[in-house]
């Protein structure tokens, strides 16, 4: 029993020594190789035994073995030569994806003594992946009314390689309507935009098919292609046209009411609702024609409506107008103060319903119908248009568009007002401003009227007549009057009157017949002791004595 315990102690000590030795030897050797991906079976990687300092003749006796960490058996070692070679091709993209560094770790273990070596095989990328587009056919819908220079972004290709092998360039097949503009970005994800260089005409070419090609910069260069199918959407750019400008029809008098006279047929090169035509009499068709004939607005049929009398009217000249029903519902336009890619705007309907009757052009901002309108759509529609740029981060704004559905095109009214909530403060301010201006103006006019009235209103007891101006002042004792070229108003206060009045002229010498010369003021004391004074310039007074009866 004691012997067994002694053997177990010895075994434990030996195990500790082995573990310490193993820990000391782990990592004592490390070898690194590099290998292009997709190398074939048997491709030489390196002389592993020699690089690890092992004797080739001892590989078998020391139980040489190699373990891969979580990877497949991509590599093997020839125990006769100690050479590491490829067992199965390595696909870098499958093993490491888009990681810039891809390596496979191996561990080599030998016994007698126990040693563990780390071996790392770096897998180098080769240009074995061509650019790939997410779809085989890219569909674009562009209105024929789109302005020249309009840009349409194209979804780029993806290359599974890394580095230079993943850098892509784009080109477009030769055509006269579109050109390609590629913006180089710092992250090497170049942005390709389709630019309209010639006006589209759906009636001439309804569809354009172009080849969009992506090429990487690897050796050799690999390419990927996608077909661009550009469908030109119809715009109401064609007016209805009659087959001839004048139609001549002969009708007998007394033709029964409802008889077909002629069926007009106009054509429109547009499509959809833009080619639906309605007919109507011209604005200057006289009442006599409207009383005699009826025009069906949908079919263009003209039928007899009233009595036709040859003796009364021999010739009717009827002007008929054809009008299509297509029109642009509206257009939203936003402006971004930035430039370049940051100013490129995209429109969309926020909270759009799946079966909504309206849509907005992604880059044009045009609001158009997606289907024929129905009564179930209601009398009005409210669209919230979201516009955002392509900056980082993307900035956005919204605009609310209210659409009223009416039965007659003549009843359509454009309303570009903003929401009431945002407009009310501005309206209140304008009303206050108008009231203030009117009040100030009215007060000013009132002051002017009062001032003019006071200036023009004559003083008391003023008598005006031809010749020199004469002012007469009356009192209990008589009247005093004077005349001169410059008129003056004289006022006499109430109270006891005086029987004399003295006047002095400050500007002219006093003549002998006018009394003594002097200068001064008129002083007229009254009963209450108050004094009325006025400066007179060149006045002549004559006392009139009342005549007793």
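The values are calculated or read from the model by the stated rules, or taken from the named source; none is laboratory data. If you're wondering where the values come from, they're calculated on a predicted model, not measured in any experiment. When we count neighbours, we look across all protein chains shown, and the Cβ atoms used for this are built from the backbone with ideal geometry, even at glycine.
Among the residues of region 289-303, some residue qualifies, meaning at least one is modelled with pLDDT of 85 or more and either out of contact with any strand residue (DSSP E or B) (no Cβ under 9 Å at 6 or more places or on another chain) or assigned by the TED database to the domain that holds residue 366 (or both).
Residue-by-condition table, conditions (1) closer than 21 Å to residue 390 by Cβ; (2) in contact (Cβ under 8 Å) with a residue 24 or more places away in the chain; (3) in contact with a helix residue (DSSP H, G or I) (Cβ under 6 Å, 6 or more places away or on another chain):
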site: 159; (1), (2), (3): no, yes, yes
site: 171; (1), (2), (3): no, yes, no
site: 189; (1), (2), (3): yes, yes, no
site: 205; (1), (2), (3): no, yes, no
site: 208; (1), (2), (3): no, yes, no
site: 212; (1), (2), (3): yes, yes, no
site: 229; (1), (2), (3): no, yes, no
site: 238; (1), (2), (3): no, yes, no
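Being modelled with pLDDT of 85 or more and in a strand (DSSP E or B) is a condition met by at least one residue of region 24-31.
For region 347-358, taking the residues that are in a strand (DSSP E or B) and crowded, with 17+ Cβ neighbours inside 10 Å, the one that is modelled with the highest pLDDT is identified as 347. Consider residue 16 carefully, then state whether it is at pLDDT 85 or above and either out of contact with any helix residue (DSSP H, G or I) (no Cβ under 6 Å at 6 or more places or on another chain) or assigned to a loop (DSSP other than H, G, I, E, B) (or both). Spelling it out, it is not the case that residue 16 is at pLDDT 85 or above and either out of contact with any helix residue (DSSP H, G or I) (no Cβ under 6 Å at 6 or more places or on another chain) or assigned to a loop (DSSP other than H, G, I, E, B) (or both).
Is it the case, given these coordinates, that residue 215 is closer than 22 Å to residue 339 by Cα and modelled with pLDDT of 90 or more?
no
Only one entry in 322, 334 is part of a loop (DSSP other than H, G, I, E, B) and surrounded by 13 or more Cβ atoms within 10 Å (Cβ to Cβ), namely 334. If the condition is being in contact (Cβ under 8 Å) with a residue 12 or more places away in the chain and farther than 13 Å from residue 302 by Cα, then region 240-251 contributes 240, 241, 242, 243. Within region 296-317, the set of residues being crowded, with 16+ Cβ neighbours inside 10 Å and over 15 Å from residue 247 (Cα atoms) comprises 304, 305, 308.
Checked against (1) exposed (fewer than 14 other Cβ atoms within 10 Å of the Cβ); (2) within 30 Å of residue 162 (Cα to Cα); (3) touching a strand residue (DSSP E or B) at 6+ places or on another chain (Cβ under 8 Å), residue 63 passes all but a single condition, namely (2). I'm trying to understand the selection: among the residues of region 234-292, which are more than 42 Å from the chain's Cα centre (by Cα), assigned to a loop (DSSP other than H, G, I, E, B) and under 30 Å from residue 369 (Cβ atoms)? Scanning region 234-292 gives 243, 264.
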